[in-house]
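**Q** Dropping the structure in here first, questions after.
The values are calculated or read from the model by the stated rules, or taken from the named source; none is laboratory data. Keep in mind the model is a prediction, meaning the values are calculated, not measured. Cβ atoms come from the backbone with ideal geometry, glycine included; neighbour counts cover every protein chain shown. Ligands, DNA and RNA are stripped out before the accessible areas are found, and what is left, the full protein with its side chains, is counted by its heavy atoms. Shrake-Rupley method; radii C 1.70, N 1.55, O 1.52, S 1.80 Å.
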Amino acid sequence: MSNILDSLNKEQKEAVTTINGPVLIIAGAGSGKTKALTHRIAYLIEQGISPENILALTFTNKAAGEMKNRVQKLLGENKNMSVFLGTFHSFAAKILRREIDNLGYGKNFVIYDVSDVLSLLKEIIAELSLDSDQFKANGIYSAISRQKNELVNAAIYSQKAGNFREKITAKIFEKYEARLKEANALDFDDLLLLLVKILKDNPAILEKYQNQFKYILVDEYQDTNHAQYTLLKMLAQTHKNICVVGDDWQSIYLFRGSDFRNMLNFEKDYPGTKIIFLEENYRSSQNVLDAAHAVIEKNVFKTEKKLWTERGEGEKIKIIQTNNEVEEGFFVTEEIKKMLRKNPEIARDLNDFVILYRTNAQSRAIEEAVIRAGWPYRMVGAIKFYERREVKDIIAYLRFIQNEKDLISLKRIINVPPRGIGKTTLNQILLAEYILAFKHTKFENFLTLISEIKKESANKKVSELIKFLLEKIDYKTYCLDGTEEGESRWENILELITVATKFDILETEEGLSSFLEEITLTTSADDISEENGTLNLMTLHSAKGLEFPVVFIIGAEEGLLPHSRSMFEQTQMEEERRLTYVGITRAKEKAYFVFTRRRTIYGKSEPALPSRFLGDIPIRLVEFEEYEMGEEILDI
């Protein structure tokens, strides 16, 4: 047993050995929370607690797999590790396989993925003769998912539906719920919704699982939603041996239904809670921690803690002002080049750097800078800008307008947005000797549309042509389907217009050709060598759980960070502070904030103001620099 406790600090040991009663472990960034959790599971088993009586829940299969391996290593290969250690949804699915017949489903139920769900919702929308532009499957699915995560089924939602849209959504929800049951199918959100219902309606079943899972451990508790919170509270009711680990300062998934207040209210839910703070950070320098603390300190709703480290004070936070997003890209790549060259004793690699941004649309300018530098790069949790579906759609339209023999582009756009040309007709069109003369009403209407856009292309600048094209095909309505993803897609289209404005100084035909040529060359990075590693680009949301020696946070401006959607809502603004905190604390050694005087994004060029969060960081912690591109760079 000694090896289980040997490598732990005082607070970690307390978190591991306090095995009875409710325990709240408030674990700051980089403080070894996973270590505490895995050692606690191993310690419980070493204390003679049966693995079958332990339930450990987390949010991703990757995290669960890593934790299983760590626990097995601590216990030794021959030790029984039959703890249920997995995600909330995999646990719910396992219990439902045993108990779902209590709700009239068969135990051989299937679980629909997102594409299955969207197909079913499209059918229902058509059956109800609803306008598919007004009631889009993606938006309806998001609305239904939000309700299910609040444990609201179709019947309850129908009772509370107020306005016209809610009443129509309720009709779709009722039909959707019925169709799922007919097919003996569940969607992802049903797993938790139905398990909670079974446990509420069947006290004997609830008691059985309360007695089986006498010891409950939960990772990332700040990310739990209402359904997960309720499930845990029911299971822990009898024995109250529940240990949750998390950091409310890193709760950044409000848009998914996560509620960090579950963590703040834990003590009220479980009187007599033992609260343990893990405040020693093993990742970052003290200056990084102090800067992050200064940003998060302004939040009203939070736990109180102060991270410290033995890693030393470290370098100051660099705050850099550039003229625009092009200079921003040049600054970041030039700074990385300097660090790659500067200290031979520190063997820097591109993998040591990460460039973080608030929105995916920001990635376009920085991607172009990285490609100019000739570096391989990975975009974590996202698709490269010019490879995004919506961007490729519009480029395909422009290519077909320029060259009507481009059948690849034709295949892509002929039903985007949907215009009812089926696969059989499409195949006939493609096999026709002279495609443009093919007789079919819907195809002829499509060609008329293309002809109209092509006619306008003769006297419009590239950016104006794209705007005209978007209006004619009503692509905005197609993108904005009521989901956050839809909003992000439309933002990317507006960013494509930003790119196009660079070519507005050219004559129309030349401008369009140059625009399409640059995009093709920008995306053709196949010959880049990977000898020097790969640079990391990602959104702040994607960075959670990761760490890098050097972090660049670009676009540190009002309207981007914090995002414009958060300006008049305290809950949203506090989330933006938590997101910034997450970004800073990814840095082990160096952290940079970069902001511009003027930024062209979403098709508009506007003056930019530095983020209010920069003003929160004490002057003693920062170095400020105004960056100007050198003559040798301007000549590129």
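**Q** Using the structure shown, select from 122/423; 160/476; 33/197; 442/472 the pairs with a Cα to Cα distance greater than 20 angstrom.
**A** On the way: 122/423 18 Å; 160/476 31 Å; 33/197 32 Å; 442/472 16 Å.
Check vs 20 Å cut-off fails for 160/476; 33/197.
**Q** Within the set of other residues whose C-beta is less than 15 Å from the C-beta of residue 33, count the net charge using Lys and Arg as +1 and Asp and Glu as -1.
**A** Working: positive: 13, 35, 40, 70, 283, 305, 544; negative: 11, 14, 66, 219, 220, 223, 247, 248, 279, 280, 547.
So the surrounding residues net to -4.
**Q** List the aspartates and glutamates whose alpha-carbon lies under 12 Å from that of residue 461, not counting same-chain residues fewer than 8 positions away?
**A** Filter leaves 504, 507, 509, 510.
**Q** How much net charge surrounds residue 473 when only the other residues with a Cβ under 10 Å from the Cβ of residue 473 are counted, with Lys and Arg +1 and Asp and Glu -1?
**A** On the way: positive: 419, 472, 476; negative: 393, 471, 474.
Spelling it out: positives minus negatives among the neighbours equals 0.
**Q** List the GluC sites (Glu not before Pro) within the range 526-607 that fall in a DSSP loop (any state other than H, G, I, E or B) and whose Cβ has at most 13 other Cβ atoms within 10 Å. Please list the in-between numbers first.
**A** Numbers: sites: 530, 531, 547, 557, 558, 569, 574, 575, 576, 589; in loops: 530, 531, 547, 558, 569.
When the GluC sites (Glu not before Pro) of the range 526-607 are filtered for loop state and at most 13 Cβ neighbours within 10 Å, 530, 531, 569 remain.
**Q** Show which aspartates and glutamates lie in cross-link reach of residue 298 when reach means a straight Cα distance below 12 angstrom and same-chain residues fewer than eight apart are skipped.
**A** Qualifying aspartates and glutamates at Cα under 12 Å: 574, 575, 576, 616.
**Q** In whole Å, what is the distance between the alpha-carbon centres of the range 360-399 and the range 44-75?
**A** 40 Å
**Q** How do 442-455, 187-200, 352-365 rank on mean C-beta neighbours within 10 Å, highest first? List each step's numbers first, then the result.
**A** Numbers: 442-455: 15.3, 187-200: 20.8, 352-365: 24.5.
So the peptides 442-455, 187-200, 352-365, ranked by packing, come out 352-365, 187-200, 442-455.
**Q** Further, regarding this structure: Any idea how far the Cα center of the range 135-175 sits from the one of the range 1-21, in Å?
**A** 46 Å
**Q** Per residue, how much accessible area does the chain have with a 1.4 Å probe, in Å²? Mind dumping the intermediate values first?
**A** Details: 28420 Å² over 636 residues.
In whole numbers, the chain has 45 Å² accessible per residue.
**Q** By a straight-distance test (C-alpha under 22 Å), which lysines pair with residue 268 as possible cross-link partners, with residues fewer than eight away in the same chain excluded?
**A** Cα-Cα hits under 22 Å: 200, 214, 233, 240, 302, 305.
**Q** If you take Cα extents along the principal axes in Å from the coordinates, which of (i) 79, 65, 48; (ii) 89, 51, 50; (iii) 84, 62, 58 do you get?
**A** It is the value labelled (i).
**Q** What percent do you get for the relative contact order of the chain when only Cα pairs under 8 Å and 6+ apart count? Please list the in-between numbers first.
**A** Working: 1003 pairs, mean separation 117.3, N = 636.
It comes to 18 percent, rounded to a whole number.
**Q** Can you grab the distance from the C-alpha centre of the range 595-627 to the C-alpha centre of the range 190-207, Å, no decimals?
**A** First find each Cα centre; the distance between them is then 51 Å.
**Q** Which value, in debye to the nearest 20, describes the size of the charge dipole of the chain about its Cα centre when Lys and Arg Cβ atoms bear +1, Asp and Glu Cβ atoms bear -1, and nothing else is charged? Please list the in-between numbers first.
**A** Details: 86 positive and 96 negative charges, 424 e Å.
Here the chain has a charge dipole of around 2040 debye.
**Q** Sticking with this one: Net charge near residue 623: determine it from the other residues with C-beta under 10 Å of the C-beta of residue 623, scoring Lys and Arg +1 and Asp and Glu -1. The partial results should precede the final answer.
**A** Numbers: positive: 316, 318; negative: 315, 625.
Once all neighbours under 10 Å are counted, the net charge is 0.
**Q** Can you pull out the trypsin sites (Lys or Arg not before Pro) in the range 549-633 that DSSP calls coil and that have at most 16 other Cβ atoms within 10 Å? Don't skip to the answer; put the middle values down first.
**A** Working: sites: 565, 577, 578, 586, 588, 590, 597, 598, 599, 604, 612, 620; in loops: 586, 597.
Here the sparse-neighbourhood loop sites are 597.
**Q** I've got another one for you. What order do 605, 31, 145 take when sorted by accessible area (1.4 Å probe), most exposed first?
**A** Values: 605 60, 31 0, 145 25 Å².
Listed by decreasing accessible area, they come as 605, 145, 31.
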